[in-house]
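What follows is one structure encoded as structure tokens, with my remarks underneath.
Every number here is computed from the coordinates shown, using simple stated rules; none is lab data. Here the structure is a predicted model, which means the values were calculated and not measured. As a convention, Cβ positions derive from the backbone with ideal geometry for all residues, glycine included, and neighbour counts pool all protein chains shown.
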Amino acid sequence: MKLKKFFVGMTTAAVMASCMIMNASAVNLLDVVHPDENDKTMNDAYYGIGAMPFFMSQKWAWNQGEWAGINDEGVIKIEYSIGEPMADTTLSGKGTLGDMGVMVLNMPKDNYPYDVLITDAKFVAEDGTVTELPSVNGITSATEDPEGGFRIHIRPTDEVDEATGDVKKKACPEVAGWEEEGKFNGGVLSMTINFKDAKPAAAEPEKEPEKEPEKEPEKEPEKEPEKQPEKTPDSQKTGVAADLMLAGMAIAGAGIIASKKKN
């Protein structure tokens with residue numbers, strides 16, 4: 001048996017959105033309905049819940065597996081064998097995948113969506129090749145399908161509404177290319193669907209808007225210090241005073257001479 005495994009690297013957001021639309025307001029199924037030997041209505045409602053696997057090739061003929069009921073612990077285990085004739089009625093090795101998956105039915109309609117934990121989702125081909133299905137394991141919210149119940153679709157291509165162009169069912173990247181002839185020739189689809197231990201997806205804390213760094217008040221341009229009038233050096237002052245004194249003496253002298261002449 002080959003143990004070759006295929007993994008597809010995806011972000012958490014992409015994984016959760018690959019095969020299912022998410023809803024953050026999901027509730028735990030066992031808070032709504034649960035086993036109760038003293039309440040026949042409640043007990044019957046709980047054990048009426050179960051799942052049915054299905055398969056269609058590119059010829060779109062419907063095939064379904066056996067009913068798998070929910071156990072006391074809120075768990076449904078799926079193991080669905082898809083025979084080669086279902087994938088290729090000619091048995092010429094030209095099998096294809098149209099859509100395969102699981103539909104969970106009879107959960108109370110008024111309480112959708114429900115928290116769900118899916119583990120060990122994989123497909124083991126007839127040749128032993130193991131394809132892990134992280135996009136299925138990434139589903140955490142069981143929403144109500146327009147066709148009824150909660151449905152997990154594993155398909156290689158989107159289903160598109162021809163009238164509106166809207167995508168009705170998203171493709172799962174792990175099975176890309178399986179719509180081509182010879183890419184799918186049967187095998188076993190398996191997974192564990194757990195409603196009891198499911199927990200709501202943790203909401204990412206809201207980030208506070210980044211504050212712009214406070215701007216420092218603009219500084220006023222520094223004023224140039226006022227220039228003090230230049231002081232005349234003392235030596236120059238002394239020279240000027242001496243000149244004035246000499247000039248005064250000369251005038252006085254001239255006055256005396258003139259006075260003598262008159263006399």
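What the table shows:
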{"quantity": "Complete set of residues in segment 146-172 that are on the phi < 0 side of the Ramachandran plot, of a type outside the set (Lys, Arg), crowded, with 18+ Cβ neighbours inside 10 Å and not in a strand (DSSP E or B)", "calculated": "Pro156, Thr157, Ala171, Cys172"}
{"quantity": "Pair list, Cβ < 9 Å and 6+ apart or interchain, from segment 36-56 residues that are among the acidic types (Asp, Glu) to residues that are surrounded by 12 or more Cβ atoms within 10 Å (Cβ to Cβ)", "calculated": "Asp36/Met42; Asp36/Asn43; Asp36/Tyr46; Glu37/Asn43"}
{"quantity": "Extreme residue, surrounded by the most Cβ atoms within 10 Å (Cβ to Cβ), among residues of segment 102-129 that are within 25 Å of the chain's Cα centre (by Cα) and not charged (D, E, K, R)", "calculated": "Ala121"}
{"quantity": "Any chance Glu132 is buried (at least 16 other Cβ atoms within 10 Å of the Cβ) and under 27 Å from Asp197 (Cα atoms)", "calculated": "yes"}
{"quantity": "Residues satisfying the stated conditions in segment 56-100, i.e. surrounded by fewer than 16 Cβ atoms within 10 Å (Cβ to Cβ) and in a helix (DSSP H, G or I)", "calculated": "Glu84, Pro85"}
{"quantity": "Residue within segment 121-130 that is in contact (Cβ under 8 Å) with a residue 24 or more places away in the chain and in a helix (DSSP H, G or I) present", "calculated": "no"}
